[in-house]
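Q: The structure is given below, and queries will be raised subsequently.
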Amino acid sequence: MTRVRVTGPRQSATAAPGRSPYPREVTEDSDSGRIFIRSLIRSQLRLALVVACGFLIILAVFAVFLVYGPGVAETRIFGIPLDWLVLGVGIYPVIGLSAWLYNRAAARNEARYRDLVEDK
Amino acid sequence: MNPAVGLFAFLAVSLATAVIGFYGLRISRTTGDFYVASRTVPPWWNASAIGGEYLSAASFLGVAGLILLSGTDALWFPVGYTAGYLMLLLFVAAPLRRSGAYTIPDFTEARLDSKLVRRVTSLMVVAVGWLYIVPQLHGAALAIRITTGLPSWVGSTAVVVVVCLTVAAGGMRSITFVQAFQYWLKLTALAVPVVFVLLVLASNGTQPQAPLPVNPTGQGAAGAYQHISLLVALLFGTLGLPHVLVRFYTNPDGQSARRTTLIVLGLLSVFYLFPTLSGALGRMFAPELAQSGQADALVLLLPGKLVGGLAGDLLSALVVAGAFAAFLSTTCGLVVSLSGVISQDLFGGSVRGFRLAAVLAAVVPLGFALMTDTLALAGSVGLVFAFTASTICPLLLLGIWWRGLTDAGAIAGMLTGAFLCGGAMVAGTLMGPGNAPVWLAQPAAWSVPAAFAATVTVSMMTKNRVPASVNRVMSRLHVPERPVATER
């Protein structure tokens, strides 16, 4: 086997290794193919924006609640102040849940696209 | 603390990194191994590696130190560091993996079909990388000073020497495994001492010296602007970090890039519980560290202070080892991705060029680190995130989701962001910490929207420069790979 020196990132990384061929519609630039792709991109973007906005709204609600919520400053659970619990522990499951929901929905969008393309 | 403990831990971790780097050379033999071996890496390993590279001095030392100083205000830092990965997942992970580009300059060149935009992006990536290495070296300086009593420069110089040796010798090929190991080392090094301290405190029935909610230095609470600006920086800065993005290439396809990111989120969430706990313990049982300006060393000093004796020394050794793992892994990751960029664009991509670039990538930030003073680590890393969010983030987000982006728009956006955010950073440094107005100390809230606005406006004005390949590239980014299992 010949020895090849790898000195840096490959610049002409055209095809990802092990990548299976594109569906015909993509490569041939047909009108229907283009429409399918546009709608896929739009639905993925909409999904990402919805999840991002939803998460940011939850974050903002948390923040406002911690500052203005009645009695928050005095509330303690097992001796730990409520704001510490919410910020130090409580937000992380929300992040994880958003990510999990997004992954499922994004995979569903892609499956729908694949069905459309392969039905033709 | 016993100086021998710190020195021993540091030497052990440096040696381990160097040895794994040198011997990693022999594990992978062919180009194919080097590029593709990672495809056989399961998502768990991959996610651990991303975590290992991401958790830097700021996370390991800085977060706890900042929590000691400013309490709940500082809790937003780990939230932002973690939520940044959510944004990365939503907007960048799968498309970037599908783009087939290894680095951000590669991506921009492929997307915008322009050499000039590649050059400018490379400059930005190098700037971000250098800025990000500086706090790592500050962390190393602090750790060496606190644990061994040696002068500060020894710590930063030692880290640079170890990193240069490993990277320039051609090591770090088995980088995925090294970084994955580093994550678990860091988690153990932080978790075990904290749990031990908690047990000791509980069994001794020690009473806290100060209540948790009160800031030991009497520092006031941060305002809404600071929180918003910080979150903008952290949420949008994460998705432009060069050493993080290159890791995503080790996933076989877009779908698994998403799965990996989900695991990363879990790993980060677990990790950040411990700096938070350390910070809280520090506020209650060691508030005097905040007054003596040693807040960032809290994690290092806590076991020796609250446990003491031989057990305290052993735990301290573990924490110091974890801290150096943090400096070394993040710096190595940054230097590797920077030298890739520098050598391709400056030295034509030869082996000698790569080595030269590695030295350049590490020595320049060392100069900065030696000239500047240690600021609060989490804060200075926060500024780097602000810079990334103002320069690379608009380019990536718009490049992935908007067909209208042009090379002129991308360059205008990056320069605007770099000028505004960089200017604010310089002005803030010149005025000195504490004297700069809030909007200058935390520029992200206005510099990021300005960079986006510049990118979009100039792109709209130069519509004729939209590359002809845009449809092909966009479909590449977003069309799912065919799952191998269902191939007909």
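What follows is calculated from the coordinates using simple rules that are stated; it is not laboratory data. Since the structure is predicted, the reported quantities are computational estimates derived from the model, not experimental observations. As a convention, Cβ positions derive from the backbone with ideal geometry for all residues, glycine included, and neighbour counts pool all protein chains shown.
Q: Over segment B:354-488, what is the relative contact order in percent, taking alpha-carbon pairs closer than 8 angstrom and at least six residues apart?
A: Reported as a whole number, the value is 31 percent.
Q: Would you mind giving the mean number of other chain beta-carbons within 10 Å of the Cβ of each residue in B:83-91, as a whole number? Present the calculation step by step, with values, prior to reporting the outcome.
A: Values: counts 10, 1, 2, 9, 5, 1, 9, 14, 5.
Taking the mean over all residues of the peptide, I get 6.
Q: In sequence order, what are the phi-derived ³J(HN,Hα) couplings for segment B:317-328 according to the Karplus relation 6.51 cos²θ - 1.76 cosθ + 1.60 with θ = phi - 60°, rounded to whole Hz, with x for glycine and proline?
A: With coefficients 6.51, -1.76 and 1.60, one gets 4, 4, 5, 4, 4, x, 4, 5, 4, 5, 4, 5 Hz.
Q: Please turn the phi angles of segment B:471-479 into ³J(HN,Hα) values with the Karplus equation 6.51 cos²θ - 1.76 cosθ + 1.60 (θ = phi - 60°), one per residue in order, whole Hz, x for glycine and proline.
A: Here the 3J(HN,Hα) series is 5, 4, 5, 5, 5, 4, 5, 10, 6 Hz.
Q: Putting +1 on Lys and Arg Cβ atoms and -1 on Asp and Glu Cβ atoms, find which of A:47, A:109, A:80 reaches farthest to the positive end of the dipole of segment A:27-119.
A: It is A:80, whose Cα lies furthest towards the positive end.
Q: Relative contact order, percent, of chain B when contacts are C-alpha pairs under 8 Å separated by at least 6 residues?
A: Values: 849 pairs, mean separation 146.6, N = 488.
Across chain B, relative contact order equals 30 percent.
Q: With +1 on the Cβ of every Lys and Arg and -1 on the Cβ of every Asp and Glu, and nothing else charged, how large is the dipole of segment B:84-141 about its Cα centre, in debye rounded to the nearest 20?
A: 100 debye
Q: Using Cβ contacts closer than 10 Å as the measure, can you line up B:45, B:153 from fewest to most?
A: Numbers: B:45 20, B:153 16.
Going from least to most buried by this count: B:153, B:45.
Q: Going by average Cβ neighbours within 10 Å, how do the peptides B:260-268, B:448-456 rank, with the highest at the top? Don't jump to the answer; show the numbers that get you there.
A: Values: B:260-268: 23.1, B:448-456: 21.0.
Going from most to least packed, we get B:260-268, B:448-456.
Q: Can I ask one more? With a 10 Å radius around each residue's Cβ, average the other Cβ atoms per peptide and rank B:457-466, B:236-245, highest first. Let's see the in-between values first.
A: Numbers: B:457-466: 14.5, B:236-245: 25.9.
Going by the mean number of other Cβ atoms within 10 Å, highest first, we get B:236-245, B:457-466.
Q: Mind checking A:32-42 for the average number of partner chain beta-carbons within 10 Å of each residue's beta-carbon?
A: Values: counts 0, 3, 3, 0, 2, 7, 5, 0, 4, 10, 2.
Mean number of neighbouring Cβ atoms from other chains: 3.
Q: Place a +1 charge on the Cβ of each Lys and Arg in chain B and a -1 charge on the Cβ of each Asp and Glu, then give the dipole magnitude about the Cα centre in debye, rounded to the nearest 20. Working shown, then result.
A: On the way: 26 positive and 15 negative charges, 267 e Å.
With only Lys, Arg, Asp and Glu charged at Cβ, the dipole is about 1280 debye.
Q: Between rounded, prolate and oblate, where does segment A:27-119 land on the alpha carbon gyration tensor, with a ≥ b ≥ c its root eigenvalues, rounded for a/c under 1.5, else prolate if a/b exceeds b/c?
A: Values: a/c = 6.53, a/b = 3.48, b/c = 1.88.
It comes out prolate by the Cα gyration axes.
Q: Could I ask something else about it? Hey, what do the phi angles of segment B:414-428 turn into as Karplus ³J(HN,Hα) couplings, whole Hz, using 6.51/-1.76/1.60 and θ = phi - 60°, x for Gly and Pro?
A: Karplus-based 3J(HN,Hα) across segment B:414-428 equals 5, 5, 4, x, 5, 5, 5, 5, x, x, 4, 5, 5, 4, x Hz.
Q: Can I ask one more? Give the residue from B:135, B:331, B:457 lying farthest towards the positive end of the charge dipole for the protein assembly as shown; charges sit on Cβ (+1 for Lys and Arg, -1 for Asp and Glu) and the dipole is referred to the Cα centre.
A: B:457
Q: Report relative contact order for segment A:27-119 in percent, whole number only (criteria: Cα-Cα under 8 Å, sequence separation at least 6).
A: Details: 36 pairs, mean separation 39.6, N = 93.
RCO, segment A:27-119: 43 percent.
Q: So if I place +1 on the C-beta of Lys and Arg and -1 on the C-beta of Asp and Glu, and nothing else carries charge, what would the dipole magnitude of the protein assembly as shown be about its Cα centre? I want it in debye, nearest 20. Don't jump to the answer; show the numbers that get you there.
A: Details: 41 positive and 25 negative charges, 341 e Å.
Charge dipole, the protein assembly as shown, about its Cα centre: 1640 debye, nearest 20.
Q: Highest mean first, how do B:306-312, B:128-134 rank when packing is the count of other Cβ atoms within 10 Å averaged over residues?
A: Working: B:306-312: 15.3, B:128-134: 24.3.
Highest to lowest by the protection proxy: B:128-134, B:306-312.
Q: Can you give me the Kirkwood hydrodynamic radius for the protein assembly as shown, using every pair of distinct Cα atoms, in Å to one decimal?
A: 24.6 Å
Q: Ok, one more. For helix B:72-91, what angle does its Cα long axis make with the longest principal axis of chain B, in degrees from 0 to 90 and rounded to 10?
A: Between the helix axis and the principal axis of chain B, the angle is about 30 degrees.
Q: Test of understanding: ordering A:50, B:335 by Cβ neighbours within 10 Å, fewest first, what list do you get?
A: Working: A:50 14, B:335 28.
Listing A:50, B:335 from fewest to most nearby Cβ atoms yields A:50, B:335.
Q: Using the number of other C-beta atoms within 10 angstrom as an exposure proxy, rank A:30, B:48 with the fewest first.
A: Values: A:30 13, B:48 25.
Arranged by neighbour count, lowest to highest, A:30, B:48 become A:30, B:48.
Q: Using +1 at the Cβ of each Lys and Arg and -1 at the Cβ of each Asp and Glu in the protein assembly as shown, identify which of B:204, B:314, B:185 lies farthest towards the dipole's positive end.
A: B:185
Q: What value, in deg cm²/dmol to 500, does the helix sum -39500 (n - 2.57) over DSSP H runs of n ≥ 4 give at 222 nm once divided by the residues of chain B?
A: Values: 22 runs with 373 residues, N = 488.
My calculation for chain B gives -25500 deg cm²/dmol from helical runs alone.
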